[in-house]
Amino acid sequence: MALPKRIIKETERLVADPAPGISAAPHEDNLRYFDVTIQGPDGSPFQNGVFKLELFLPEEYPMAPPKVRFLTKIYHPNIDKLGRICLDILKDKWSPALQIRTVLLSIQALLSSPNPDDPLAADVAKHYKEDEAAARQVSKEWTERYAT
Amino acid sequence: MGNSASSSGRVHHEDTVDFGHLTPQGVYSGTRDWKEDVVTQLIIDRKLAPFYRPLEEYDPSWEDEQILAARKEPPLPAEHESTGTRSDATPPTAKSTHHKRPSISKELPRNAEAAIYKDAAECPICFLYYPHNINRSRCCDQAICSECFVQIKRTEPTVTHMVSEPACCPFCVQEHFGIVYTPPSWRAGIGSEGWPTPTWPDSPNSQRAFDSMRARPGKQKRFRSFDHTDPDVVTVDRIHPDWEAKLAAVQAAAARRANRRIIMRQVGDRLVPVGITSGRIHPLSVEATGAEGDGGGSRRSRRRQQQQQDLNSFLGNMSFGGRDLEELMMMEAMRLSLLEHEAQQQREAEERARGGTEDSSNSRPRAESRNPSSSPPNAEVTSDTTSPTVPSTLAAPTFDVSPASSSTPNLTTVSLPAPQHLRESPPNGPSNHNPVQGPSSPYAIPRHPPPSRMDSFASSIATHETSADLDGYRFLSSESEESIVAREPLLHVEGNDA
């Protein structure tokens, strides 16, 4: 099946008008597979970090959400060791009116506001709840070590 | 893309509505799981925009030929044979080749087909362009083409998430998503008899046609939201009326699974699991088991019935909390151990049966010391508590039975709501060996097994409760991402049920 027009147009618009701090480029051999980078938001422990992610648009897209995963190690309560992201719009709250751009902006926002009450990485979440300052420090160290 | 527009683009008005089609034009390739006859009727009734061939691009300055050339290729008949299962899914292009050319078409110049796209609207979901009077969401007045609209449906219920919530608006997330459609002031094709036919001036890019495609007077500009019960609204449920049947089917499947029982055979002084009953048979009658129920499984199934049929009578005085989940995980671990080691268990049990006196002399004192007085109030309670024997039985899944129980029947059942979401492999194996099918069998279970045996069950469990929890979780967390995700709805369901 040919690539749906929506994916072509989304790709064009992403390239022509990228969201601040976010880049997404499709693989040449698979236009449903994107290499993504997200800059850590200012004021967060991820500031100055550049995080690599992969994004895949399944056959059912946009009726099903894209699959997104961090490739860069990150110390965040809603992102686990494998880079999987706990974000409702990537699961049951997906809407076909959302796009690659909005998904990536949501992930960037998640970096600014970790939610340890709905954790994916239980140990990180515990750390964040018990001693947020120390946990943020670890996040910062990981950012400096892995996300540059 | 548009090079065949002139050959295939001619619209035959016998099977079109206002120059649009009754069947999708190939934006999506999946199966058509909406009710096609309902959709067809809604299009004919002008309650839903017909399936127009979308434009892949649009520029207001385009000439008619450019517009026609920008239309998406119509779907190939072969595509539908492979994807569609319904016979009435014949694509309009295929149909039209069999029809004689309708006389009306010569009255409608070709530019009419282009004129409908004047001021085309982009569907924010498929990013394609449609005639201006596209469907609008009932709640927030967003454009959505019919092709995308028919794709939207309730999330399919699963065994782990046995609810069916109304589909939400993709734009404003309001429940009971529905659309309203304002047809043009003229009619063409099906149902156009007695209506003014559009008068298309000869010149291309006709301003008049463009205007007549606009909403009817009185309806434009000022938006009001519609209730989902408004007769002008077409809801997702209206074109997917099968959601209730789907939900019922999942509930029935889960109930069958939950009704399964492990069949235990007493070998010497031990109880050895030898099979699993069919879920279709209700193992114990409600009267016999009383209000506390005959095990987690059938309680769950009854709860489902209650949701569906409002049978509150059995359940009024029950309160179940997170215990169900715990029970469920332990029983699943137990079931797995049965699958893996069944043959081995059988041999082992028989061996032990031969030297059984030693075992029982070891186990009995412990049992008695832990539960000095107890004879469980009724068999069902103990039947429940026996289920968490998992950890102690994983390695050698046999059960201590004190000699006092020698006079009891040979078989007992333990409820087993084998949940699909905890594992990948389908249930199999033991059911084939099943020697007993429910309570009617002469070997079937005592409804009130003697307390002594239950004592020893309970004692063997109690010491391992904590590790049972851990085992259950460890089992889950080693699963794939999907399984972990599935755990959330499970918890949710349990919470709701209780």
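The values are calculated or read from the model by the stated rules, or taken from the named source; none is laboratory data. Given the structure is predicted, the values throughout are model-derived calculations rather than measurements. Note that each Cβ is placed from the backbone with ideal geometry, even for glycine, and that neighbours are counted across all protein chains shown.
Details
- B:Thr16 being of a type outside the set (D, E, K, R), within 18 Å of B:Tyr181 (Cα to Cα) and at pLDDT below 90: yes
- Filtering the stretch A:85-132 to residues that are away from every other protein chain (no Cβ under 13 Å), closer than 16 Å to A:Tyr75 by Cβ and exposed (fewer than 15 other Cβ atoms within 10 Å of the Cβ) leaves A:Ser112, A:Ser113, A:Lys126, A:Lys129, A:Glu130, A:Asp131, A:Glu132.
- Selection count where residues are part of a strand (DSSP E or B), within 14 Å of chain A (Cβ to nearest Cβ) and over 18 Å from B:Arg224 (Cβ atoms), scope the stretch B:115-145: 3
- When the stretch A:1-47 is filtered for residues that are without any contact (Cβ under 8 Å) to a residue 60 or more places away in the chain and touching a His at 6+ places or on another chain (Cβ under 8 Å), the ones remaining, listed by number, are A:Tyr33, A:Asp35.
- Taking the criterion of being buried (at least 19 other Cβ atoms within 10 Å of the Cβ) and among the basic types (Lys, Arg), the only residue of the stretch A:64-84 that qualifies is A:Arg84.
- Filter pass, B:Cys148 being within 11 Å of chain A (Cβ to nearest Cβ), under 17 Å from B:Val233 (Cβ atoms) and not in a loop (DSSP other than H, G, I, E, B): yes
- Residues that are of a type in the set (S, T, N, Q) and at pLDDT below 60 number at least 2 in the following helices (runs of 4 or more DSSP H) confined to the stretch B:49-100: B:77-83, B:92-98.
- Among the candidates A:Phe51, A:Phe70, A:Phe46, A:Phe34, residue that is in contact with a Gly (Cβ under 6 Å, 6 or more places away or on another chain), modelled with pLDDT of 95 or more and away from chain B (no Cβ under 14 Å): A:Phe46
- Condition check for B:Arg238: closer than 30 Å to B:Ile179 by Cβ and modelled with pLDDT under 85: no
- With a requirement of 2 or more residues that are out of contact with any Cys (no Cβ under 9 Å at 6 or more places or on another chain) and more than 19 Å from A:Pro119 (Cα to Cα), the strands (runs of 3 or more DSSP E) lying completely within the stretch A:1-106 that satisfy it span A:22-26, A:33-39, A:50-56.
- Checking A:Phe51, A:Phe70 one by one, the residue that is under 21 Å from A:Tyr128 (Cα atoms), without any contact (Cβ under 8 Å) to a residue 24 or more places away in the chain and in contact with a strand residue (DSSP E or B) (Cβ under 8 Å, 6 or more places away or on another chain) is A:Phe70 and no other.
- Selection of the stretch A:23-63 for residues being in contact with a Phe, Trp or Tyr (Cβ under 7 Å, 6 or more places away or on another chain) and either crowded, with 19+ Cβ neighbours inside 10 Å or aliphatic (A, V, I, L, M) (or both) yields A:Ala24, A:Ala25, A:Pro26, A:Ile38, A:Gly40, A:Phe51, A:Leu53, A:Leu55.
- For A:Asp29: the one exception among (1) out of contact with any Leu (no Cβ under 6 Å at 6 or more places or on another chain); (2) within 14 Å of chain B (Cβ to nearest Cβ); (3) more than 28 Å from A:His76 (Cβ to Cβ): (2)
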